[in-house]
2 protein chains.
Amino acid sequence: MKFSEELIDTAEYQRLRARYEPLAQSVRALIDACIRTEADQDEVDRARRTIDEVTALLTERQIDGTHGVRFMPDGQGVTWGNPVIGVRNPIAPPVEIHREPGGRVWTEFVLGAPYEGPPGHVHGGMSALILDHLLGEAASDGLTKPNFTGTISCRYLRGTPLGALRAEAFIERVDGVKTYARGHIADADGPTVQAEGVFITPAWAREEN
Amino acid sequence: MKFSEELIDTAEYQRLRARYEPLAQSVRALIDACIRTEADQDEVDRARRTIDEVTALLTERQIDGTHGVRFMPDGQGVTWGNPVIGVRNPIAPPVEIHREPGGRVWTEFVLGAPYEGPPGHVHGGMSALILDHLLGEAASDGLTKPNFTGTISCRYLRGTPLGALRAEAFIERVDGVKTYARGHIADADGPTVQAEGVFITPAWAREEN
């Protein structure tokens, strides 16, 4: 697989984000309602008909396939549909990544009903999804350097409660085309899941010596 | 954390599933549309207002908090809101798990735009989410035996293309309270991600000797 060289102008990015991000936020609230509602059959039928009408309106003009990844002039990746950070993807919490000067990345986010595995707790695989992404962001310097997950391991110290959480990741060391990253998810009492991953620079992105 | 002892009657399960599963399917189509639409500002504003009205209708009566896990009389777990298999959760593909007599579990599913990481490919963390769940299902015999992920490791052999996929998992061995499971995700050309996990029977669920 190869990343597109297509650029997106920063002003155009802001304009599209302002238009479509609130739509994704509305769909996120609908997802939560869909899981937790006790509406009766008539109400559910009415809701479905209305949702299908909105979907028909939105799909009148849409892109073919998926967005993939584009880049802004500063090298920052734009991933509209990413299931972790995509501001246009209602599946994404979304996680907003902050970068420290030393390369450490962190995020604070809230997970509710759509992310539940054991009762009242985050699905273990959701923690793996978020940590895979966060370690990948650390390893690829904010998606500016192509890096793919080679392996990732998660160790579950205890259950991760639904609610407010924090996650962080950093590069441990770089060894040729391999970048070793570590990170964790924590609640107010400390880490609940630890992760370590090896990320590989693909052959087409390696610098020639 | 402890699982509720609350049972759900099989007929009641079928009745509720028939009511709410189609709603989640409609929301899944809306999620895809939300990511890919090129609708203009007026259309997006109209879509948002309508979605917010539907959400208000559905949240007039809803459960407090989350569904957790309930059990049917045959011991089968019911996880309405699970992000991998929950038939009421629009975030879930959803994956439908099939069980072979020997304990092997498998599933076939299709992943589209909401699950994209690298262009045209499944987000590596989504593969980890699905494999964590599938190995957990194998280790816990279809959620009838409580088992929590201790560790899980995923090895990425190559990119996993969006589209039709298959995943499977099985128990490798059981050693006291630890169950070792393995599995993979595959496209038509074979495995793309391999996983191995250790699942732990919680103290409260261990049989006394």
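The numbers here are math on the coordinates, done by the rules we state, and not lab data. For clarity, every value in this text was computed on a predicted model and none was experimentally measured. Quick reminder, even Gly has a Cβ in these numbers, built from the backbone with ideal geometry, and neighbours come from all protein chains shown.
Once label points are set 7 Å from the Cα along Cα→Cβ at both B:Ala11 and A:Arg104, what is their separation, rounded to one decimal in nm?
Roughly 5.9 nm, to one decimal.
For chain A, place one equal point scatterer on every Cα, skip the solvent, and apply the Debye formula. What is log10 of I(q)/I(0) at q = 0.07, 0.14 Å⁻¹?
Normalising to I(0) and taking log10 leaves -0.26, -0.96.
Suppose you put the label 7 Å out from Cα in the Cβ direction; list, shortest first and in nm with one decimal, how far A:Ala205 is from each other copy's label.
For A:Ala205, the inter-copy label distances come out at 3.9 nm.
What is the angle, in °, between the Cα long axis of helix B:124-139 and the longest principal axis of the Cα atoms in chain B? Nearest 10 is fine, range 0 to 90.
40 degrees
What does the charge count around B:Gly65 come to, taking other residues whose C-beta lies under 14 Å from its C-beta (Lys +1, Arg +1, Asp -1, Glu -1)?
-3
What are the distances, in nm and sorted shortest first, from the label point of B:Asp141 to the label points of the same position in each other copy, with each label point placed 7 Å from Cα along the Cα-to-Cβ direction?
5.3
Toward the positive end of the charge dipole of the protein assembly as shown, about the Cα centre and with charges on Cβ (Lys, Arg +1; Asp, Glu -1), which of B:Thr107, A:Thr79, B:Pro83 goes farthest?
B:Thr107
Evaluated at 25 °C with a viscosity of 0.890 mPa s, what Stokes-Einstein diffusion coefficient in µm²/s does segment B:93-205 have when Rh comes from the Kirkwood expression over alpha-carbon pairs?
174 µm²/s
Explain nothing, just the number: relative contact order of segment A:94-209, from Cα pairs under 8 Å at least 6 residues apart, as a whole percent.
The normalised contact order for segment A:94-209 reaches 28 percent.
For chain B, what does the helix formula give at 222 nm: sum of -39500 (n - 2.57) over DSSP H segments with n ≥ 4, over the residue count, nearest 500 deg cm²/dmol?
So the calculated ellipticity at 222 nm is -10000 deg cm²/dmol.
Only Lys, Arg, Asp and Glu count, each charged at its Cβ (+1, +1, -1, -1), so figure out the dipole size of segment A:1-106 about its Cα centre, rounded to 20 debye.
In debye, rounded to 20, segment A:1-106 gives about 340.
Just need the relative contact order of segment B:1-92 here, percent rounded to a whole number, with Cα pairs under 8 Å and 6+ apart.
Here the relative contact order equals 40 percent.
Quantify how strongly other chains surround peptide A:62-73 by giving the mean number of their Cβ atoms within 10 Å of each of its Cβ atoms.
Average per residue, whole number: 4.
Within the protein assembly as shown, how many Lys pairs sit with Cα atoms under 20 Å apart, leaving out pairs fewer than 8 places apart on the same chain?
Taking the protein assembly as shown as the scope, the lysine pair count is 6.
So if the hydrodynamic radius of segment A:1-70 is defined as the Kirkwood radius over C-alpha pairs, what does Stokes-Einstein give as its diffusion coefficient at 10 °C and 1.306 mPa s, in µm² per second?
The Stokes-Einstein estimate is 105 µm²/s.
How large are Rg and Dmax for the protein assembly as shown when calculated on the C-alpha trace, in angstrom?
Just the Cα atoms of the protein assembly as shown yield Rg and Dmax of 20.9, 68 Å.
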